[in-house]
Amino acid sequence: MWFDVAITLSCAGCGLVCGWIMCAVTGFDTDHYHEAIEKRANNGQGDEISAEQLSQVASRLREFATTMVENVDAHQTRVQAVSEELQEAGDPSSEVVFAAVTQLIQSNESMQNQLQSAKDRIQQQTMQIESAERRAETDALTQVPNRRAFDAYLKRRHAEGPGAAGTLALLDVDLFKQFNDVYGHRAGDEVLRVVANVLHSHLQPYGLVARFGGEEFAIILDECPISESALKIEQARVAIGQLVIEFEGQPLRVAASAGVATLMEDETVESWLQRTDDALYHSKEQGRNCGHRMQGKKPALIELSPEEVSVPNTEMLSLGDSESDETGAETSVLRTIEGNGVFASLANRSSLEKSFNDIRSRTQESVSVHLMVVMCAPGLGNSSIRSILQVVRMPLRSVDRIGAIDDSTLLVCMPSADAELARQRGGQICHSIMSLGIKTLDDKVDPVRVGLAEAAPGEDFNRIVSRALQEAVSQGDGTELTENPA
């Protein structure tokens with residue numbers, strides 16, 4: 001009797017372990033993976049792991065299941081043979097019982113080894129599938145989730161309903177194509193990586209940051225109150241504009257526009273996304289480099305107080321202080337514009353000259369370039385100069401370069417800007433600064449003077465700067481700007 005119990009427990013134990021292994025194997029929904037494979041093929045995704053590779057993984061799992069069934073059948077056959085031998089012996093001697101128990105132990109050990117081997121292989125295949133799924137939902141360039149991952153996440157958040165769904169935002173790098181045309185696609189790729197890193201470091205703890213397509217990013221915040229979401233998104237957008245990306249010796253500055261919206265009652269996913277895009281479009285219509293939040297169907301500017309503007313932490317960005325490509329050449333350096341002084345960490349005259357010469361060499365002088373100088377009045381305090389710097393930055397495009405000639409004079413290089421656009425931007429800066437009500441030591445002296453000069457073919461950089469400085473001196477307040485001809 002006791003031996004029958006031993007055989008029963010042996011079979012039951014093997015059955016439980018085999019059942020666990022079989023559940024692990026059959027728990028994989030292979031149809032789901034085949035469906036995902038087809039979707040990736042249709043979307044042109046899955047470059048890093050092919051549909052054939054995933055199909056092979058699923059095939060191996062089915063082979064494991066078949067092998068496990070065969071091993072369990074063989075084990076049960078051995079146990080049954082031992083049981084029949086004991087029954088035929090009638091009253092078996094101790095030697096017969098010992099031999100039978102030895103066979104059972106050996107069979108159990110063999111089965112245990114087979115089960116462990118199957119478990120290890122299944123875990124390995126599971127990790128491969130999970131890794132493939134992660135790669136299929138990750139943008140290869142920026143290493144943030146891609147459009148496929150975003151669409152799935154957005155649907156899940158939408159299902160939570162208004163109030164719980166979170167906040168949706170779209171952020172677009174301003175004038176990215178123009179930037180790409182002037183500095184090249186490798187520089188454009190670097191800008192996208194930096195923007196993704198800034199967004200990820202600021203916002204990923206609160207939800208999802210994904211590359212929506214091209215130079216556009218999508219954000220869903222669901223782990224913070226809705227009232228704070230627009231603030232956090234705007235802080236991240238402003239942080240992008242506070243960084244200088246030094247790419248292959250060239251200082252690059254990028255700006256971005258954003259649109260933000262929360263889910264309304266009875267609103268579809270498509271309508272929610274469209275309202276957010278409308279807010280983004282409104283930001284672009286308002287001159288770019290700003291963010292708007294939809295209040296119902298009406299966009300409203302998102303504004304930050306000075307205390308709410310956060311300085312980006314470059315240590316949180318994966319690029320760190322510098323990066324090298326596969327050849328070991330330096331590719332980029334990140335730093336914040338603000339340093340120990342108001343203009344201390346801006347590009348100096350030599351750096352801007354290098355940028356200017358590089359633009360001319362890249363475009364073979366087919367692109368017009370304007371230089372603008374902004375001269376601050378003597379005796380202005382740091383707070384006034386800082387306000388002037390912020391105003392000068394606001395209308396600039398991603399391709400424009402800003403630097404300082406000295407402690408009181410800003411220099412802006414504006415490639416691919418025609419004369420009318422350059423005058424408009426200069427006039428806008430003058431009017432905005434005058435509206436601040438900045439006080440000077442002499443009430444008859446304006447807080448700034450602005451001068452413009454367009455580069456003539458083959459003209460030396462320093463000669464163009466001199467013409468812009470002369471124009472600034474002669475313009476007075478500069479509210480009606482003209483250009484100093486070559």
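The values are calculated or read from the model by the stated rules, or taken from the named source; none is laboratory data. Everything numeric in this text was worked out from a predicted model, so none of it was measured. Because the Cβ atoms are built from the backbone with ideal geometry, glycine has one as well, and the counts that use them run over all protein chains shown.
Numbers at a glance
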| read-out | value |
| --- | --- |
| Among residues of the stretch 208-245, those that are more than 19 Å from Tyr281 (Cα to Cα) and out of contact with any helix residue (DSSP H, G or I) (no Cβ under 8 Å at 6 or more places or on another chain), counted | 6 |
| Complete set of residues in the stretch 246-277 that are without any contact (Cβ under 8 Å) to a residue 24 or more places away in the chain and buried (at least 18 other Cβ atoms within 10 Å of the Cβ) | Arg275 |
| Selection count, the stretch 208-232, where residues are modelled with pLDDT under 90 and either of a type outside the set (D, E, K, R) or touching a Cys at 6+ places or on another chain (Cβ under 7 Å) (or both) | 4 |
| Of residues in the stretch 467-478 being surrounded by fewer than 14 Cβ atoms within 10 Å (Cβ to Cβ) and on the phi < 0 side of the Ramachandran plot, the one modelled with the lowest pLDDT | Ser474 |
| Among residues of the stretch 407-429, those that are closer than 19 Å to Val342 by Cβ, at pLDDT 85 or above and over 32 Å from the mean Cα position of the chain (by Cα), counted | 2 |
| Options Arg147, Arg157: the member that is of a type in the set (Lys, Arg), surrounded by 21 or more Cβ atoms within 10 Å (Cβ to Cβ) and modelled with pLDDT of 90 or more | Arg157 |
| Condition check for Leu154: assigned by TED's automatic domain parsing to the domain that holds Glu248 and assigned to a strand (DSSP E or B) | no |
